[in-house]
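The values are calculated or read from the model by the stated rules, or taken from the named source; none is laboratory data. Predicted model only: the values in this text are computed from it and were never measured. No Cβ is skipped: glycine too gets one built from the backbone with ideal geometry, and neighbour counts run over all protein chains shown.
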Amino acid sequence: MLPLQLDGVSIAFPNPPGPPRIILRATDLVLPAGAMVGLEGPSGAGKTSLLHALAGLEPVAAGSIRWGGENIAELDGAARAHWRRRHTGLVFQDFHLIEGLSVLDNVLLPVWFDMFRTPRALRDRAKALLVGMGLPMPLPPLAVLSRGERQRVALARAVLRQPPLLLADEPTASLDAEAAGRIGSLLVDMAANSGATLIVASHDPHLLARLPIRLRIAETRLERLA
Ligand SMILES: Nc1ncnc2c1ncn2[C@@H]1O[C@H](COP(=O)(O)OP(=O)(O)OP(=O)(O)O)[C@@H](O)[C@H]1O
């Protein structure tokens with residue numbers, strides 16, 4: 001497991017006809033391997049944009065994002081995508097599940113994209129994860145699952161290959177209090193059990209309270225609170 005290190009990172013978006021609009025600056029930040037991090041800030045502060053940069057989904061305007069010795073910020077788009085598939089698991093507020101696929105195939109989808117097949121061991125692990133997360137068995141069609149159950153499917157997909165970096169963007173925002181509590185616990189427990197670094201952008205005070213390192217974005221600055 002590796003530390004995550006940000007140096008002089010800035011994230012900007014095109015703002016024609018003017019210069020690019022800088023939405024976030026992060027001077028120096030080192031997160032040790034296995035860190036449990038809550039990322040907070042008002043709506044529009046740049047939390048999603050930062051997670052996307054950390055996942056290699058979007059390039060940064062300046063600076064370096066190092067995972068171990070590798071600077072993700074200097075990789076081209078294809079290399080960032082490759083890095084992302086090897087190192088990250090992503091959980092989103094709106095789950096990003098594919099309606100036409102079964103629950104199990106949704107969990108296995110990234111494997112299929114990578115390998116064009118789904119090895120038996122990963123199918124078995126996917127089933128075991130879904131059972132462990134309390135999904136009804138036999139698995140019903142995706143269409144009948146509740147929002148909390150859908151988020152558990154998305155979480156199983158994110159952790160299937162035990163990525164060392166788990167990134168979650170408001171994973172409890174569309175859930176009722178009970179489902180939110182359950183997803184928060186699963187997320188934290190999964191990361192702790194595998195030793196993964198977990199970074200969660202959230203407005204949910206219960207979830208944030210479970211994450212010992214707290215980051216906040218305020219007026220385009222990323223600052224560490226604890
Ligand atoms: N592709 C884009 N092009 C231009 N501006 C963008 C783009 N994506 C995001 N932004 C802007 O960047 C700022 C930060 O957006 P971001 O979604 O990262 O905020 P956030 O903190 O995640 O907000 P929320 O809590 O509402 O999800 C916003 O002003 C947004 O409009």
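Report yes if some residue within the range 113-128 is assigned to a loop (DSSP other than H, G, I, E, B) and modelled with pLDDT of 95 or more; otherwise report no.
There is no residue in the range 113-128 that is assigned to a loop (DSSP other than H, G, I, E, B) and modelled with pLDDT of 95 or more.
Can you give me the number of residues within the range 94-112 that are part of a helix (DSSP H, G or I), without any contact (Cβ under 8 Å) to a residue 24 or more places away in the chain and under 25 Å from Ala173 (Cα atoms)?
1
When you go through (1) modelled with pLDDT of 90 or more; (2) under 22 Å from Asn193 (Cβ atoms) one by one for Gly68, which number turns out not to apply?
Every listed condition holds for Gly68 apart from (1).
Away from the ligand (no atom under 16 Å from the Cβ), of a type in the set (D, E, K, R) and farther than 30 Å from Asp124 by Cβ: is that true of Asp28 in this structure?
Yes: the conditions hold for Asp28.
Looking at (1) outside any helix (DSSP H, G or I); (2) of a type outside the set (Val, Ile, Thr); (3) more than 18 Å from the chain's Cα centre (by Cα); (4) modelled with pLDDT of 95 or more, which is the only condition Gly134 fails?
So the condition that Gly134 fails would be (4).
Residues that are more than 16 Å from the ligand (Cβ to nearest atom) and of a type in the set (D, E, K, R): which strands (runs of 3 or more DSSP E) entirely in the range 152-226 hold 1 or more of them?
Here the list reads 221-224.
Give me a count of the residues in the range 79-103 that are surrounded by fewer than 17 Cβ atoms within 10 Å (Cβ to Cβ) and either within 16 Å of the ligand (Cβ to nearest atom) or over 19 Å from the mean Cα position of the chain (by Cα) (or both).
Of the residues in that region, 6 qualify.
Tell me the residue from Gly46, Gly38 that is buried (at least 19 other Cβ atoms within 10 Å of the Cβ), away from the ligand (no atom under 12 Å from the Cβ), within 23 Å of Gly184 (Cα to Cα) and small (Gly, Ala, Ser), please.
Gly38
List every residue pair whose Cβ atoms sit under 7 Å apart, with the two residues 6 or more apart in sequence or on different chains, where the first one lies in the range 200-226 and is over 19 Å from Ala180 (Cα atoms) and the second, anywhere, is more than 16 Å from the ligand (Cβ to nearest atom) and assigned to a strand (DSSP E or B).
Ile213/Leu31; Ile213/Met36; Leu215/Arg224; Leu222/Leu29; Arg224/Leu29; Ala226/Ile213
Just to be sure I understand the filter: pairs with C-beta atoms under 8 Å, separated by 6 or more residues or on different chains, first member in the range 29-58 and without any contact (Cβ under 8 Å) to a residue 60 or more places away in the chain, second member among the aliphatic types (A, V, I, L, M) and within 7 Å of the ligand (Cβ to nearest atom). Which pairs pass?
Ser49/Ile23
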